[in-house]
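Worksheet for the structure shown next.
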Amino acid sequence: MPTRPKQVEVAVAMPVFGTYTYQVPPALEGLVEAGKRVLVPFGSRRITGYVLGEDSRDTADTLRPIDDVIDDDTPVFPAEMIPFFRWIADYYIHPIGEVISDALPGGINPSEYAVFSPTARGRRALEENTLAAAEHKVLARLTEKACRWAALCKNAGEDIPRSLLEKMRRQGLIEKQHKLQRQTVRTKTERWAALTDTSADESGLSEPKARIIKHLRAHGQTPVAALKKIVPTAAAHVRDLAKKEIVCIVEQEVYRDPFGDPVTPDTPPRLTGEQQRVVREAAEAVTSGFCTYLLAGVTGSGKTEVYMHIAAHALEHNRTALVLVPEIALISEIERRFRARFGARVAVLHSGLSAGERFDQWMRIARGESPVVIGARSAVFAPLTQPGVIIVDEEHDTSYKQEGRLHYNARDMAVVRAKLADGAVVLGSATPSVQSVYNVAAGKFRELNLTRRIHRQAMPEVSVVDLRQHRGAKGARRFITPPLKEEIRATLGRGEQVLLFLNRRGFASYPVCAQCGEALKCRHCDITLTLHKKANIYKCHMCGYFRAAVSKCDTCGSASIKQLGTGTEKLEDAVATLFPEARVARMDKDTINRRGALLKILKNLREQKIDILVGTQMVAKGHDFPNITLVGIICADLSLSFPDFRAGEMTFQVLAQVAGRAGRGTAPGKVVLQTYSPNHFAIKAARIQDFMSFYNQEIKFRKALQYPPFARMTQLKISGRDKTKTRQQAEDLGRLCLQIQNSGDPNFKQIQVLGPIESPVTRIAGRYRWQILLKAPEAGSVRKMLNLLRTQNPSAFPGREVHTVIDVDPFFMM
Ligand code: ADP
Ligand code: ZN
Ligand code: ZN
């Protein structure tokens with residue numbers, strides 16, 4: 001018998017810390033269980049809450065009861081995930097209700113909104129014309145139609161202060177009612193028809209009805225929608241047949257299919273000796289308990305094959321498998337291979353799905369129908385039970401870092417989730433992160449290696465071009481130097497493909513006034529605009545602001561703007577001019593705005609309908625293009641100058657990854673690496689694709705400066721539209737940090753409080769930005785300090801006018 005808790009612990013979907021206790025009314029007994037969503041009264045509103053389990057906390061008898069249960073049969077997440085959510089809330093110092101609502105697929109929670117309408121007194125005041133102009137206007141509009149505040153502003157065509165409405169409410173002129181907006185994404189059902197008696201006979205029935213019966217006899221139950229393809233008026237006929245009890249109709253839940261073409265099943269290849277050893281060791285942890293493995297293997301060494309074997313092992317032991325892939329762009333390839341191996345047992349979760357598709361996939365997983373899940377970073381929350389293995393492919397990738405409401409790192413959370421589920425974690429990469437390699441050295445992770453490429457291709461040969469010697473060059477030659485041009489020509493001559501990598505999109509990224517030397521900047525951000533020639537606009541890459549490409553200098557009004565700084569769009573132009581015969585395509589955020597566009601480029605590349613592909617770091621990852629034999633790196637230095645301690649690591653990784661794209665097939669590969677700093681150790685190491693030589697130098701520098709992995713960092717990001725208030729908030733918080741530090745607790749003495757300082761990018765999308773960095777040898781004391789900070793200044797987190805976001809283990813510190 002299921003337990004019937006009388007009072008339950010509920011996390012509410014609101015920015016409030018802690019959880020609440022609610023009473024289960026008799027009418028809902030047996031329906032309320034951990035992992036289900038409920039509707040609860042909260043203040044004067046009703047909001048969504050998540051049941052965390054029975055609540056034994058001593059509480060007053062005046063507990064408020066739950067209003068309703070939202071989920072009928074299947075909880076939206078399994079109860080076993082609750083400790084995971086609690087861990088996240090604690091570690092990232094984030095309200096647990098928001099952790100859960102961020103984890104769930106979007107658009108499923110009902111939300112409440114306030115509707116304003118005039119009271120009798122208000123109507124009278126309107127008639128008697130005794131009100132001030134502003135109040136009068138509001139009442140007049142609300143008398144026409146009661147509505148929400150946002151709609152009122154829209155109808156009035158101006159910003160009506162919310163405080164005015166509250167004032168009028170207190171005066172009894174208007175009243176506020178709460179309405180519930182039901183969830184926008186719901187299960188979709190479809191009507192299916194089947195014969196009640198399979199020996200039914202169609203004689204005596206009309207021709208269309210007979211056709212329907214014949215079809216049902218041959219194919220069994222069929223969606224009515226499909227029958228319409230055979231008989232256009234099938235719906236009416238089926239209804240008739242149902243009345244005669246020849247046919248029965250059932251509403252069945254349908255899964256909107258996110259997949260494209262059908263995939264032909266494959267048979268697993270025989271593993272190489274190296275692969276076998278790796279699979280054997282990692283598979284052991286699936287059954288014997290938590291362990292984290294760092295699987296280091298060059299591109300093409302058979303990592304994906306290893307992942308599939310370990311996943312299969314987990315399924316054999318009635319466990320599930322979760323595969324995280326850094327970006328949607330890469331999911332298509334892994335998805336195809338996993339589906340060829342595991343068929344319909346695979347579910348996918350990523351932002352490329354529509355809200356409805358994502359919800360369907362989510363519920364399939366929650367019901368235990370797809371034990372293998374592939375997805376981007378947010379799939380770390382997939383409602384799987386008992387994950388036996390969590391695989392994080394390309395574990396070094398920075399896109400595992402999420403910077404939404406909740407800031408988290410999906411790779412780190414994968415390790416925690418596996419630990420709580422007593423499973424294995426496999427972090428795979430050709431260029432592992434400094435953090436993970438350090439964890440191997442510290443004995444926290446175990447290392448597994450794949451040293452040879454399956455098809456025994458040699459690693460590509462890399463030649464370096466010193467851009468300093470080409471400084472005087474004009475036009476296209478500045479970025480396609482003669483040695484690179486020669487290699488491109490030779491490669492095209494052999495009928496092979498070329499990949500050109502430039503980590504910057506647009507046409508020109510640095511438009512400068514030729515008259516006064518001022519750069520053209522975004523109106524809302526502290527960065528220069530980028531010229532996008534095809535779209536004929538200057539665009540801000542931070543906030544999306546754009547203006548016409550014919551714009552004049554803001555400072556002196558001159559129309560003469562010099563276009564400095566090359567982006568992929570200019571590169572594409574230059575390549576097309578230099579090689580008019582070649583078919584050139586470009587792959588960056590501007591050309592890939594839909595999932596279909598990406599798949600099309602990948603397909604054209606595979607079918608060799610593209611000779612030269614120009615792209616940003618999007619091309620650096622994972623894809624396997626056997627006929628690409630030349631990779632040109634246009635300017636290796638772009639990311640080195642970032643004001644970030646990981647700049648060297650990110651540069652090494654992207655260079656090594658791009659270089660790894662060359663020579664994946666039978667023909668040997670070549671890389672031409674152009675750089676202004678050929679002697680920088682990150683570039684030298686990338687040139688010989690030697691991770692350890694990079695790591696050994698990098699780790700010394702991290703140690704000397706006490707950067708991670710030798711210290712833990714947390715950043716407070718403070719932002720607001722008002723320059724003075726933002727600065728004030730930052731200074732207040734900074735002072736409070738110092739106060740706490742000097743409060744006598746020795747743990748706080750080892751924390752370094754750096755700042756507050758203005759962020760390197762001082763303004764984004766109209767918001768001024770400040771930051772405080774907390775650095776300490778371990779994370780616990782910083783967390784303690786932040787919790788004190790939060791309780792001593794609760795209105796600052798997240799804050800109204802000025803926001804404060806806590807970013808634990810920050811990545812992008814601009
Ligand atoms: P990685 O993920 O390390 O880049 P893959 O798993 O994609 O490597 O393997 C590279 C290629 O070798 C793929 O085409 C894959 O199908 C093939 N492959 C992997 N393992 C084997 C094996 N044991 N026998 C034959 N082919 C294999
Ligand atoms: Zn901007
Ligand atoms: Zn000017």
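What to note about this one:
- Pairs are defined by a Cβ separation below 7 Å, a sequence spacing of at least 6 or placement on different chains, a first member in region 382-396 that is over 21 Å from Gly660 (Cα atoms), and a second member that is among the charged types (D, E, K, R); the pairs so defined are Thr385/Glu80; Gln386/Arg319; Pro387/Arg319; Pro387/Arg417; Gly388/Arg319; Ile390/Arg417.
- Flag for Lys700 being without any contact (Cβ under 8 Å) to a residue 12 or more places away in the chain, open to solvent by 10 Å² or more (accessible area, probe 1.4 Å) and not in a loop (DSSP other than H, G, I, E, B): yes
- Residue match in region 554-562 (condition: within 16 Å of ligand 3 (Cβ to nearest atom), modelled with pLDDT of 80 or more and touching an Asp or Glu at 6+ places or on another chain (Cβ under 6 Å)): yes
- Here Glu158 meets each of (1) modelled with pLDDT of 80 or more; (2) surrounded by 12 or more Cβ atoms within 10 Å (Cβ to Cβ) with one exception, condition (2).
- Whenever a residue of region 122-146 is without any contact (Cβ under 8 Å) to a residue 60 or more places away in the chain, its partners that are open to solvent by 100 Å² or more (accessible area, probe 1.4 Å), lying with C-beta atoms within less than 7 angstrom and at least six residues away or across chains, give the pairs Thr143/Arg123.
- Candidates Gly544, Gly495 - the one that is more than 16 Å from ligand 1 (Cβ to nearest atom), within 30 Å of Asp624 (Cβ to Cβ), open to solvent by 10 Å² or more (accessible area, probe 1.4 Å) and not hydroxyl-bearing (Ser, Thr, Tyr): Gly495
Conditions tested, residue by residue: (1) of a type outside the set (Ser, Thr, Tyr); (2) surrounded by 24 or more Cβ atoms within 10 Å (Cβ to Cβ); (3) within 16 Å of ligand 2 (Cβ to nearest atom).
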position	(1), (2), (3)
Glu305	yes, no, no
Val323	yes, yes, no
Phe338	yes, yes, no
Ser351	no, no, no
Arg405	yes, no, no
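- Test: residue in region 564-583 that is within 16 Å of ligand 3 (Cβ to nearest atom) and either under 26 Å from Ile480 (Cα atoms) or touching a strand residue (DSSP E or B) at 6+ places or on another chain (Cβ under 6 Å) (or both): yes
- Of the residues Arg489, Arg523, Arg471, the single one that is closer than 21 Å to Phe579 by Cβ and either open to solvent by 60 Å² or more (accessible area, probe 1.4 Å) or more than 16 Å from ligand 3 (Cβ to nearest atom) (or both) is Arg489.
- Scanning region 231-251 for residues that are open to solvent by less than 40 Å² (accessible area, probe 1.4 Å) and either part of a strand (DSSP E or B) or touching a residue at least 60 places away in the same chain (Cβ under 8 Å) (or both) turns up just one, Val247.
- Subset of region 209-230 that is exposed (fewer than 13 other Cβ atoms within 10 Å of the Cβ) and part of a helix (DSSP H, G or I) - its residue that is farthest from the chain's Cα centre (by Cα): Lys214
- Against the numbered list (1) touching a residue at least 40 places away in the same chain (Cβ under 8 Å); (2) away from ligand 3 (no atom under 16 Å from the Cβ); (3) polar (S, T, N, Q), Thr591 comes up short only at (1).
- Test: residue in region 301-310 that is more than 22 Å from Val373 (Cα to Cα), in contact (Cβ under 8 Å) with a residue 24 or more places away in the chain and more than 16 Å from ligand 3 (Cβ to nearest atom): yes
- Scanning region 746-767 for residues being exposed (fewer than 14 other Cβ atoms within 10 Å of the Cβ) and touching a helix residue (DSSP H, G or I) at 6+ places or on another chain (Cβ under 8 Å) gives a total of 1.
- When Arg358 is tested against the conditions (1) more than 13 Å from ligand 1 (Cβ to nearest atom); (2) in contact with a strand residue (DSSP E or B) (Cβ under 8 Å, 6 or more places away or on another chain); (3) open to solvent by less than 30 Å² (accessible area, probe 1.4 Å); (4) under 26 Å from Val416 (Cα atoms), the lone failure is (3).
- Qualifying residue in region 709-730 (condition: under 30 Å from the mean Cα position of the chain (by Cα), part of a loop (DSSP other than H, G, I, E, B) and over 27 Å from Lys784 (Cβ atoms)): yes
- Hits in region 36-81 (condition: in a helix (DSSP H, G or I) and open to solvent by less than 10 Å² (accessible area, probe 1.4 Å)): Met81
- Region 378-403, residues that are under 21 Å from Gln361 (Cα atoms), open to solvent by 10 Å² or more (accessible area, probe 1.4 Å) and in a helix (DSSP H, G or I): Ser378
- Looking across region 732-770, the residues that are farther than 23 Å from Ser781 by Cβ and outside any strand (DSSP E or B) come down to Ala765, Gly766.
- Which listed residue is closer than 24 Å to Ala347 by Cα, at pLDDT 90 or above, of a type outside the set (S, T, N, Q) and out of contact with any Cys (no Cβ under 6 Å at 6 or more places or on another chain), from Val279, Val254, Val263: Val279
- Residue, farthest from the chain's Cα centre (by Cα), within region 516-544, restricted to residues that are in a loop (DSSP other than H, G, I, E, B) and more than 10 Å from ligand 2 (Cβ to nearest atom): Cys516
- A search for C-beta distances below 7 Å between a residue of region 339-364 that is more than 18 Å from Glu327 (Cα to Cα) and any residue that is open to solvent by less than 10 Å² (accessible area, probe 1.4 Å) and in a helix (DSSP H, G or I), counting only pairs 6+ apart in sequence or on different chains, returns Arg341/Met308.
- Residue in region 708-731 that is surrounded by fewer than 15 Cβ atoms within 10 Å (Cβ to Cβ), modelled with pLDDT under 95 and farther than 23 Å from Glu758 by Cβ present: yes
- The condition (being open to solvent by 20 Å² or more (accessible area, probe 1.4 Å), more than 16 Å from ligand 2 (Cβ to nearest atom) and either under 26 Å from the mean Cα position of the chain (by Cα) or among the polar types (S, T, N, Q) (or both)) is satisfied by just one residue among Glu316, Glu327, Glu284: Glu327.
- Just so you know, in region 572-590 the residues that are of a type outside the set (A, V, I, L, M, F, W, C) and open to solvent by less than 40 Å² (accessible area, probe 1.4 Å) include one that is farthest from the chain's Cα centre (by Cα), and it is Glu572.
- Of note, Leu271 satisfies the criterion of being open to solvent by 20 Å² or more (accessible area, probe 1.4 Å) and modelled with pLDDT of 85 or more.
- Residues satisfying the stated conditions in region 547-571, i.e. open to solvent by 30 Å² or more (accessible area, probe 1.4 Å) and within 16 Å of ligand 2 (Cβ to nearest atom): Arg547, Ala548, Asp554
The values are calculated or read from the model by the stated rules, or taken from the named source; none is laboratory data. Quick caveat, the model's predicted, so the values are computed rather than measured. Note that each Cβ is placed from the backbone with ideal geometry, even for glycine, and that neighbours are counted across all protein chains shown. Note: accessible area is taken over every heavy atom of the protein model, side chains too, but ligands, DNA and RNA are not part of it. Shrake-Rupley method; radii C 1.70, N 1.55, O 1.52, S 1.80 Å.
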